[in-house]
Amino acid sequence: MWQSYLNGLLVAAGLIMAIGTQNAFVLAQSLRREHHLPVAMLCVVCDAILVAAGVFGLANVLAQNPTLLAVARWGGVVFLAWYGLQALRRACTAQSLGHGETVGLRSRRAVLLSALAVTLLNPHVYLDTVLLIGSLGAQQTEPGAYVVGAASASLLWFSTLALGAAWLAPWLARPATWRLLDIMVAVMMFAVAAQLIRGG
């Protein structure tokens, strides 16, 4: 049981700690103190559900359905390009964050819907979380423990990312910092979209 748990923890940690669109979104929300903890918890819940779905059968369904993967891929390209353009638009406006202030605070519902879109419209989530992590988990002697281990890695990572970035927020009061952050987010979104277009 503990071996399966540890395998899930290590495999998931190795994948989710890589720089990606979901991490960029959580980081940006955390730096703005814009519902960052609910966003982090939503990402944890989504990861846990996707890993469980992969471990308990969805990995085989997606692997045998290239049409479904293609739809997810091109949907992801459209969304990532749109999100990148939004980040570039924000980079062209003067923003700052003073101690205890927020920048363009949106409703919790709007932010959580954006987090869901970033998570569920990114094909890499299905390729990595469902197919890779899920298929490895399906081979464990205790697949349930593997799922719990993967969910634990997600909980630790996103909690650390959300709380750590929020702690730094009072020191990130210069508009140039926000412009740089949004430019970096836009570049990342466009890079992932280009990779998907190339079929990667």
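Taken together, the values in this text are just the output of simple stated rules run on the coordinates, not laboratory data. Computed from a predicted model, the values in this text were never measured in an experiment. We place every Cβ from the backbone using ideal geometry, glycine too, and count neighbours over all the protein chains shown.
Structure notes:
- Label point distance in nm, VAL71-LEU120, each placed 7 Å from Cα along Cα→Cβ: 1.4
- Theoretical FRET efficiency, 1/(1+(r/R0)^6), r = Cβ-Cβ of VAL45 and GLN86, R0 22 Å, to 0.05: 0.35
- Listed peptides 24-37, 182-195 by packing density, highest first (mean Cβ within 10 Å): 24-37, 182-195
- Mean projection of the Cα convex hull over all viewing directions, computed for the range 14-57: 3.3 nm².
- In Hz, Karplus ³J(HN,Hα) per residue of the range 133-144 (6.51, -1.76, 1.60; θ = phi - 60°; x = Gly, Pro): 5, x, 5, 5, x, 5, 8, 6, 5, 10, x, x
- As a rough guide to protection, the peptides 141-150, 80-89 ranked by mean Cβ packing within 10 Å, highest first, stand as 141-150, 80-89.
- Contour excess over end-to-end distance, with Cα ends at SER159 and ARG109 and 0.36 nm allotted per residue: 16.0 nm
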